[in-house]
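Please treat every number below as a calculation from the coordinates, not as lab data. The model shown is predicted, which means the values in this text are computed figures rather than measured ones. Glycine gets a Cβ as well: all are built from the backbone with ideal geometry, and neighbour counts include every protein chain shown.
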DNA sequence: TAGGGTTCTGTAACCGGTTTCGAAACCGGT
DNA sequence: ACCGGTTTCGAAACCGGTTACAGAACCCTA
């Protein structure tokens, strides 16, 4: 039966004023209105249960109070933790958040970006991008630039090029893992890296190599794989084939580490007795796994919150805020000769 | 430098037609347009890189292609799994999804609902509601009804009252757990229930009691607690105090089960040797825990997807689709005398 | 008391689309 | 050549707000 919504005009009529005055008092405009009229308008609005139409506002004001967060997959703990941070920061300034799930599909990502631009959302935060790395000049970058040219704010959470960025110190984290494993006496190492071309992957790897250099340990076996449990498991097969004597594995995220541990068990290797495994991100439950996972804590929620603030504050394109990572040593790593 | 967006009027001018015709060809209207003009308009739109402004469309059409999903917390695996399903279903019909995080705050939930109503989103899906149960007549229900009266679609994923619902067979799941524990010989049981008043909590508990009835086993100790790890851990203290001889615990979700296992370990009880623990939901990683968690699988993603379809298809308010649950027996439960 | 400056309010244009309605063009049939 | 019926198209109204602009009312000063 489609009841009609009450509009600003209804309120104005009920209060006996013009739409303009009603808008002024309701819309929080800078213009002043006499106390009496203000009172009348507010009462009328309350009586009629008036709620402004955000589309009309967005159209008139040419901006909507929406913020978009682009992720690969909300169900991935990495992204859902970032999302949590973004939501918290958004609540502070009374803004709504729209999460866009690309499922790592570049086309979908692009489609979202176009929609968001059209939607004139106030800010878009890119937590993960489907194209590898998103170089300047890519379609994604072009779309983002267009968006910015039209007044939108952008912040990214991947090693950025030209956008304000809030990123974890991936390189430092990688180094911490390297040092940890070295200290435990490991020399035959391997790393299960994320998809090649992704910025954080290169950084984590570089940090790890930084630590190894000069230690006399041989180069690690490096296998690129998906950021999933399955990816981690499959990588183990390759590693075992390439270097059967591997005693320590550094997986680029916790999910891969879990998969690796499972596959190692299936292959008859005990963790950490036969081979140590370290992850990255310190996802929830990492400490409840079998065995508890040694990993690197990344302040993902703060990262998301900060990204939003940077975007809203209009941080300059070359500003990058680095977030410290900390190694969390747990049961999945042990001294090489320790049994 | 704020470049102006290209509007429909620009396209129309470039194509030498009126706004009306341009709208007709671009907006997928039913009205027919000659092939020649259609061609001209399409070319102009492509040349100018035209993207329609969804706010203007929403304003004119009185509906926006947005779908909202209300959850307590995206970072909770229960909800992120539902979200994943919703995203998939939304992608099928080319719709965008807005996730609203209430953090279990009733005021925030209400605020979201009002905004969504104003926003004229096409559908709102309620996966979790902050008020206990959301009875008919509550503020939330009032807001939802208002929304529906204005043409919005609603579907819920909690035991509903008057809304189309896609819900798991919580009662059946509870019964499965009860039967499982009984079959293992347990008689001194306890249940860590979710917050009292929540529909699914009552159902899971009722199912569990269904199984116990007639078995001769004494009534379980029931402790209500938060759906968190912490909640599960704290509940263990109460249970141990109330019935020290407890040999099996049914936690209403996996997170609580994890917390319970940890606290039991701290109290010197081994799982499953001394006490068996079963969870609910079969969250990702449940099988990788220490020990692997016996739990009940709930098809959350399908549930979310189905809820969206029901809403969009305008399912009647009394329609409830029940999703089968299946018990997944793993290492956290064992025969009562089995050591 | 006239003149100038504030302060408040209303009119109307505008944001960028969609859609109603009527005019114009075209059709085949007498 | 004339006519009723379709089809195609454009002018203009509308969706529901915001805001530039101008007028009215008020104040204070000379």
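The other copies place their residue A:94 label points at 3.6 nm from this one, listed shortest first, where each point is 7 Å from Cα along Cα→Cβ.
Given in Å, the Rg to one decimal and the Dmax to the nearest whole number for the Cα atoms of region B:167-210 are 10.4, 31.
For region A:82-187, state the semi-axes of the equivalent ellipsoid (square roots of 5 times the eigenvalues of the alpha-carbon gyration tensor), sorted largest first and rounded to whole angstrom. The partial results should precede the final answer.
On the way: eigenvalues 194, 62, 31 Å².
Largest first, region A:82-187 gives 31, 18, 12 Å.
Ignoring everything except DSSP H segments at least 4 long, calculate the 222 nm mean residue ellipticity for the protein assembly as shown; use -39,500 (n - 2.57) per segment, divide by total residues, nearest 500. For the protein assembly as shown, the value works out to -13500 deg cm²/dmol. Determine the relative contact order of chain A: mean sequence separation of Cα pairs under 8 Å and six or more apart, normalised by residue count, in whole percent. It rounds to 17 percent for chain A.
To the nearest 10 degrees, how steep is helix B:300-312 against the longest Cα principal axis of chain B, on a 0 to 90 scale? Roughly 40 degrees between the two axes. With the simple model of a label 7 Å out from the Cα in the direction of the Cβ, residue B:35 to residue B:62 spans 3.7 nm.
Each principal axis of the Cα atoms in region A:170-298 has its own extent, and those three values, largest first, are 34, 29, 25 angstrom. Helix A:35-48 and the longest principal axis of the C-alpha atoms of chain A enclose an angle of approximately 70°.
I'd like the FRET efficiency for residue B:326 and residue B:237, computed as 1/(1 + (r/R0)^6) with the beta carbon distance as r and R0 of 45 Å, rounded to 0.05. Let's see the in-between values first.
Values: r = 31 Å, r/R0 = 0.70.
Calculated value: 0.90.
Scattering from the C-alpha atoms of region B:8-52 alone, worked out with Debye: what is log10 I(q)/I(0) at q = 0.14 1/Å? With one equal scatterer per Cα and no solvent, log10 I(q)/I(0) is -0.23. Between B:216, B:174, B:197, the Gaussian network model of chain B with springs among Cα atoms under 10 angstrom shows the greatest mean-square fluctuation at B:216.
Cα centroid separation, region B:180-199 to region B:70-111: 29 Å. For residue B:206, inter-copy separations between label points set 7 Å beyond Cα along the Cβ vector come to 6.0 nm, shortest first.
Springs join every pair of Cα atoms under 10 Å in this Gaussian network model of chain B, and among B:302, B:36, B:150 the largest mean-square fluctuation is at B:36. If R0 is taken as 60 Å, the Cβ-Cβ distance between residue A:215 and residue A:145 corresponds to a FRET efficiency of 0.85.
Taking all Cα pairs closer than 8 Å and separated by 6 or more residues, the relative contact order of region A:1-113 comes to 20 percent. How tilted is helix B:106-119 with respect to the longest principal axis of chain B? Cα atoms for both, answer in degrees (0 to 90, nearest 10). Helix B:106-119 sits roughly 20 degrees off the main axis of chain B.
Starting from the Kirkwood Rh over alpha-carbon pairs, what translational D in µm² s⁻¹ does region A:226-273 have by Stokes-Einstein at 20 °C and 1.002 mPa s?
This corresponds to a translational diffusion coefficient of 207 µm²/s.
From the alpha carbon centroid of region B:265-319 to that of region A:222-301 is 25 Å. Percent antiparallel among DSSP beta bridges with both residues in chain A, to the nearest 5? Percentage antiparallel, nearest 5: 10. The alpha carbon convex hull volume per residue for region A:17-144 rounds to 135 Å³.
Dividing the convex hull volume of the alpha carbon atoms of chain B by its residue count, what do you get in Å³ per residue? Spell out each step's value before the answer.
On the way: hull volume 55.9 nm³, N = 339.
Output value, Cα hull per residue: 165 Å³.
Spin-label model, residue B:4 to residue B:188: label points 7 Å out along the Cα-to-beta-carbon direction sit 8.1 nm apart.
Largest GNM mean-square fluctuation across A:229, A:13, A:120, computed for chain A with C-alpha springs under 10 Å, falls on A:13.
Inter-copy label distances at residue B:106, using a point 7 Å along Cα-to-Cβ, come to 5.1 nm with the shortest given first.
Treating r as the C-beta distance of residue B:51 and residue A:313 and R0 as 30 Å, the FRET efficiency rounds to 0.65.
Apply the Debye scattering formula to the protein assembly as shown, with a single equal point scatterer on each alpha-carbon and no solvent, then give log10 I(q)/I(0) at q = 0.10, 0.11 Å⁻¹. The calculated log intensity ratios at q = 0.10, 0.11 Å⁻¹ are -1.03, -1.19.
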